[in-house]
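A.B. asks: Shown below is the structure under consideration.
The values are calculated or read from the model by the stated rules, or taken from the named source; none is laboratory data. Every value quoted in this text rests on a predicted model; they were computed, and no experiment measured them. All Cβ positions, even for glycine, are placed from backbone atoms using ideal geometry, and neighbour counts span all protein chains on display.
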Protein chains: 2
Amino acid sequence: MIRQYYSVNEKYRKDTGQLNITPRFLFGSGPANAYPRVLQAIGSRQIANRDPQFVDLIKDIQSLLRYAWQTDNAFTLPISGTGRNAMEAVAANLIEPNDRILVGVNGFFGNYICEAARRYGAKVFKLKGEIGAAFSLSAIEAQLKRVRPKVFFLIHGQSASGTCQPMEGIGELCHRYDTLLVLDTVTSLGAVPVFLDHWKVDAAFTTGHRCLSCPPGISAFTFSERALRVIRNRKSRIANSTTDFSGLIRRKVSSRHYLYTLPINLVYGLREALQILAEQGLEVTWKRHRETAEALWEGLAEMGLRCPVHPDIRLPNLTAVDIPDTVDADRIRPYLLKEFNIEISSGLGDWQGRVWRLGLMGINSRRANVVLLLSALKNALAVHRRAFFSETAG
Amino acid sequence: MIRQYYSVNEKYRKDTGQLNITPRFLFGSGPANAYPRVLQAIGSRQIANRDPQFVDLIKDIQSLLRYAWQTDNAFTLPISGTGRNAMEAVAANLIEPNDRILVGVNGFFGNYICEAARRYGAKVFKLKGEIGAAFSLSAIEAQLKRVRPKVFFLIHGQSASGTCQPMEGIGELCHRYDTLLVLDTVTSLGAVPVFLDHWKVDAAFTTGHRCLSCPPGISAFTFSERALRVIRNRKSRIANSTTDFSGLIRRKVSSRHYLYTLPINLVYGLREALQILAEQGLEVTWKRHRETAEALWEGLAEMGLRCPVHPDIRLPNLTAVDIPDTVDADRIRPYLLKEFNIEISSGLGDWQGRVWRLGLMGINSRRANVVLLLSALKNALAVHRRAFFSETAG
């Protein structure tokens, strides 16, 4: 019999009571709110990862992910964690020490990718861009020509600014310079057209908790055959065990060998979220995001607020808006949270302190939320007008 | 406006219908079933990781983890993923290239830890043990003396065999040889006494989906002050971004900087699971696991089945049982799943094909389940008696 030896210390035996969370409207850069059907699904009783039912679940998800991404890629899988974990899995599998890697950097997450790639021993080159702007084809070509990278990491929906990178012609350039194209679709998938195969993308990743309206903790990634060939021909080992998919890739895709890492209940949720996307259809979903965004932008303009991103490349699901100098900026976000249970995001990197970021993603992309968000913002701006303006106005 | 350019391919727009999972009794090596309260909790509407409510949740979990582990460690945190991810986080933070690492290997997961450590550039030494046996103090001391490792990885509850490593005296030895002691409590926490501080453990990890009866996807790890000093004095960078806790450690523990990686709904679940453990109390929970196990072992003996692990070191939550040669072994597990919705585990490594592993963990550790499992097993063994035995018996 296993003995106890010591007496139990009761110091940390806290009674935390019943879970009692005030619901919030998640109108920031993400996570977004989840569909009620998704929340029901994740509360379902779990099965083990060796269950034949689990394999069927994964097959459903693979098909629905291919629909969402518009790709035929056989290697298309959910992965535990956030978009960062999915990015890490893509980077760890594609990068070997001393590889030349090019990263498009026009916001916070580009630098994060650079850092991740450096840890795998890559020689990292930046394609530098302005925050709030997209990369031109000629700028991309110039860097591809100069760097001749093995992999080019590009962010489709830039969450630091709410810009959407036009993709036409980039895949062709990457093929010409023998470069693998990796696309971050974390903030774009489900909101705007994404056509991985037409765009000749070799690897992509996304997450469940933005426009798919699944809770955080489950993400997804995909490799083209061209990317798989590169991984199969690796000379060095993958840098850490949890992101090593080489075995899975060599054996072809067998979800059975992979399932142990997956958070089963969030897999239920992702399946439900993707199913909702398929029921609505991609085009209807894109249209809904666009119409919601147009209503929001119109309302912001009426309030005299300026959106710094050009409408041609503005994401419909995440809008950067300049903070007017008539208000006490630091008070707005806590006020919205306290008074309206609304969360919005602050700026990041170069735009920190300059913009707020308003996200209406997935289930949140509805006219009712536009009215709610605009009214709350109007109230917040009125209450927190700066003293100087209050006095002159008063 | 963002344009579409291509028409949508409908090939993968599958109608997967409503989620319809047959519930299972998860009586294998894990995951175990979750408490209904935990499943309710994880279906709650999510909040964002910057929400003040989230910080309070983490504080609750930190306190409850300290209770479960019996430690005062300030650095005690949940982490996204399974026990492997928690192990990876511990290994990535503690190990630098060329460090000498000792791993106790008496089952499958020990080899997995060796492999993980090698990827971080460690010089890995094995303390080899028999599967189904524990390590003696003298064997441990001999290897510590010979290898002088920076870190010694030891598995408390060995899930390949269902053995429990006696811990008395090991921490003192590690201190004497200036070695950090890392303890894997994935399969032991919540089932048998764990006293990290009394045992002088420097880092530990566990997962939610075994004896805590939370679904998979959330785990936890903890560092002693002694371990944190080693991490603060690292010369090299941590090998990948998602496991880099050095910033958090340098700034002291501020959960705010860390929350972005956490699957919020599973955090709800882990809090609820730990709260249930605290309500029941550690000693009551250990007693329940022991009594359930004794009933199971008695029943197995009555059926003439042999448990290869000595009762002194046998885990009460996971029992290896020899497969009798009177049955068609390959048919038993699929039969139990199909006829009784019961999942049990096969053997691993050296015991593959020799044993089944029967797990009654957390909520599953109840007498009713003992009766159910024994009856089902009895039926399965009768139905799948080998032809030779059937004939002579007939």
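A.B. asks: Restricting attention to the range B:49-59, does a residue exist that is more than 7 Å from chain A (Cβ to nearest Cβ), of a type in the set (D, E, K, R) and closer than 29 Å to A:Asp60 by Cβ?
C.D. replies: no
A.B. asks: In addition: Give the residues of the range A:207-256 that are within 23 Å of B:Thr242 (Cα to Cα), at pLDDT below 90 and more than 10 Å from chain B (Cβ to nearest Cβ), sorted by residue number.
C.D. replies: A:Phe245, A:Ser246, A:Gly247, A:Leu248, A:Ile249
A.B. asks: Follow-up question, since we're still on this one. Answer yes or no as to whether B:Gly304 is at positive phi and more than 14 Å from every other protein chain (Cβ to nearest Cβ). Even if it seems obvious, please write down each step before you answer.
C.D. replies: Values: at positive phi: yes; more than 14 Å from every other protein chain (Cβ to nearest Cβ): yes.
Spelling it out, B:Gly304 is indeed at positive phi and more than 14 Å from every other protein chain (Cβ to nearest Cβ).
A.B. asks: Right, A:Thr16: of a type in the set (S, T, N, Q) and either over 27 Å from the mean Cα position of the chain (by Cα) or not assigned by TED's automatic domain parsing to the domain that holds A:Leu181 (or both) or not?
C.D. replies: Details: of a type in the set (S, T, N, Q): yes; either over 27 Å from the mean Cα position of the chain (by Cα) or not assigned by TED's automatic domain parsing to the domain that holds A:Leu181 (or both): yes.
It is true that A:Thr16 is of a type in the set (S, T, N, Q) and either over 27 Å from the mean Cα position of the chain (by Cα) or not assigned by TED's automatic domain parsing to the domain that holds A:Leu181 (or both).
A.B. asks: Next question. In the range B:83-94, is there at least one residue being more than 10 Å from every other protein chain (Cβ to nearest Cβ), surrounded by 19 or more Cβ atoms within 10 Å (Cβ to Cβ) and β-branched (Val, Ile, Thr)?
C.D. replies: yes
A.B. asks: Now for a separate question. Kindly provide the set of residues from the range B:315-327 that are more than 26 Å from the chain's Cα centre (by Cα) and buried (at least 17 other Cβ atoms within 10 Å of the Cβ), ordered by number. Before the answer, list the steps.
C.D. replies: To start, the set of residues in the range B:315-327 that are more than 26 Å from the chain's Cα centre (by Cα) comprises B:324-327.
Listed by number, the list holds a single entry, B:Val327.
A.B. asks: Please give the strands (runs of 3 or more DSSP E) falling wholly within the range A:52-147 in which 2 or more residues are under 24 Å from A:Gly349 (Cα atoms). Explain how you work it out, then say what you get.
C.D. replies: On the way: elements: A:75-80, A:100-105, A:123-128.
So the answer is A:100-105, A:123-128.
A.B. asks: Still on this model: Tally up the residues in the range A:16-31 that are facing another protein chain (nearest Cβ under 7 Å) and assigned to a loop (DSSP other than H, G, I, E, B), please. Lay out the reasoning, then the answer.
C.D. replies: Within the range A:16-31, the first condition is being facing another protein chain (nearest Cβ under 7 Å), and the residues that meet it are A:16, A:19, A:21-24, A:26, A:28, A:31.
If we keep only those that are assigned to a loop (DSSP other than H, G, I, E, B) as well, we get A:16, A:19, A:21-24, A:28, A:31.
Count: 8.
A.B. asks: Right, another one. Is there a residue being assigned by TED's automatic domain parsing to the domain that holds A:Tyr67, in contact with a Leu (Cβ under 8 Å, 6 or more places away or on another chain), crowded, with 18+ Cβ neighbours inside 10 Å and more than 27 Å from A:Met167 (Cβ to Cβ) anywhere in the range A:238-256?
C.D. replies: yes
A.B. asks: Right, next: What do you reckon, is B:Arg357 touching a residue at least 12 places away in the same chain (Cβ under 8 Å) and exposed (fewer than 15 other Cβ atoms within 10 Å of the Cβ)? First the steps, then the outcome.
C.D. replies: On the way: touching a residue at least 12 places away in the same chain (Cβ under 8 Å): yes; exposed (fewer than 15 other Cβ atoms within 10 Å of the Cβ): no.
No, not satisfied.
A.B. asks: Go through the range A:317-342 and give me each residue that's closer than 27 Å to A:Ala133 by Cβ and of a type outside the set (Val, Ile, Thr).
C.D. replies: A:Asn317, A:Leu318, A:Ala320, A:Asp322, A:Pro324, A:Asp325, A:Ala329, A:Arg333
Here is a yes/no grid of residues against (1) under 17 Å from the mean Cα position of the chain (by Cα); (2) among the β-branched types (Val, Ile, Thr):
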site	(1), (2)
B:Lys59	no, no
B:Thr71	no, yes
B:Ala86	yes, no
B:Pro97	no, no
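A.B. asks: Out of all the residues in the range B:32-41, is one or more surrounded by fewer than 23 Cβ atoms within 10 Å (Cβ to Cβ), at the interface with chain A (Cβ under 8 Å from one of its Cβ atoms), of a type outside the set (Ser, Thr, Tyr) and in a loop (DSSP other than H, G, I, E, B)?
C.D. replies: Within the range B:32-41, the subset surrounded by fewer than 23 Cβ atoms within 10 Å (Cβ to Cβ) is B:35-37, B:39-40.
In the following step, the residues that additionally are at the interface with chain A (Cβ under 8 Å from one of its Cβ atoms) were identified as B:39-40.
Now restrict to residues that are of a type outside the set (Ser, Thr, Tyr): B:39-40.
Remaining after also requiring in a loop (DSSP other than H, G, I, E, B): none.
No, the range B:32-41 has no match at all.
A.B. asks: State whether the residues of the range B:285-301 include one that is within 11 Å of another protein chain (Cβ to nearest Cβ), touching a helix residue (DSSP H, G or I) at 6+ places or on another chain (Cβ under 9 Å), farther than 17 Å from B:Phe27 by Cα and buried (at least 18 other Cβ atoms within 10 Å of the Cβ).
C.D. replies: Yes, the range B:285-301 has at least one match.
A.B. asks: Ok, one more. Which of the following residues is touching an Asp or Glu at 6+ places or on another chain (Cβ under 7 Å), of a type outside the set (D, E, K, R), surrounded by fewer than 23 Cβ atoms within 10 Å (Cβ to Cβ) and in contact (Cβ under 8 Å) with a residue 12 or more places away in the chain: A:Leu137, A:Leu173?
C.D. replies: Numbers: A:Leu137 fails: touching an Asp or Glu at 6+ places or on another chain (Cβ under 7 Å).
Only one candidate passes the filter, namely A:Leu173.
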